[in-house]
Amino acid sequence: MSVNIELGFTVTGLADEAQAKNVARAIGVLLDAEGIEDQVRHGVRFDEGEYLVTGESGLALIISGFYNWGPAFEGAFARTVAEVAPTAKAEVEWGYPDEDH
């Protein structure tokens, strides 16, 4: 069964701009591997004196087997960030647009 899902994420606790760019690149590789790189905008932001990596799906993603894929993606996302920035905090947020109607 397929479900419409909105994906958002934020990575905080980054040391500097270089580390933030490296995290953004690594996340790009993950998004590419998942086949959603063209559906999820992401990049580095500087906000209130801190570098962040943020991202969000422009439109809802259509995911088959989300009950398996979602937790697997969250784990892969956390590992991807930790490999580049071990002390950073990675958060994934899911939206369920079909439930909003």
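Residue under question is residue 56, and the condition is that it be under 24 Å from residue 13 (Cβ atoms), acidic (Asp, Glu), modelled with pLDDT of 95 or more and under 11 Å from the mean Cα position of the chain (by Cα); does it hold? Write out each step before concluding.
Values: under 24 Å from residue 13 (Cβ atoms): yes; acidic (Asp, Glu): yes; modelled with pLDDT of 95 or more: yes; under 11 Å from the mean Cα position of the chain (by Cα): yes.
Yes, satisfied.
Within region 9-22, track down each residue that is buried (at least 20 other Cβ atoms within 10 Å of the Cβ) and either assigned to a helix (DSSP H, G or I) or of a type in the set (D, E, K, R) (or both).
20
Quickly run through region 1-22 and pick out the residues that are more than 16 Å from the chain's Cα centre (by Cα) and without any contact (Cβ under 8 Å) to a residue 60 or more places away in the chain.
16, 17, 18
Anything in region 23-78 that is of a type in the set (Gly, Ala, Ser), without any contact (Cβ under 8 Å) to a residue 12 or more places away in the chain and in a loop (DSSP other than H, G, I, E, B)? List them, or say none.
35, 49
If you scan region 84-100, which residues turn out to be hydroxyl-bearing (Ser, Thr, Tyr) and either surrounded by 13 or more Cβ atoms within 10 Å (Cβ to Cβ) or closer than 16 Å to residue 5 by Cβ (or both)?
96
Within region 38-82, how many residues turn out to be among the polar types (S, T, N, Q) and in contact with a strand residue (DSSP E or B) (Cβ under 7 Å, 6 or more places away or on another chain)?
Of the residues in that region, 4 qualify.
Yes or no: residue 81 crowded, with 17+ Cβ neighbours inside 10 Å, farther than 24 Å from residue 1 by Cβ and not polar (S, T, N, Q)?
Yes, satisfied.
Just name the residue that is surrounded by the most Cβ atoms within 10 Å (Cβ to Cβ) out of those in region 46-71 that are under 15 Å from residue 90 (Cβ atoms) and of a type outside the set (Val, Ile, Thr).
51
The values are calculated or read from the model by the stated rules, or taken from the named source; none is laboratory data. Because the structure is a prediction, the values reported are computed rather than measured. Reconstructed Cβ throughout: ideal geometry from the backbone, glycine too, with neighbour counts over all protein chains shown.
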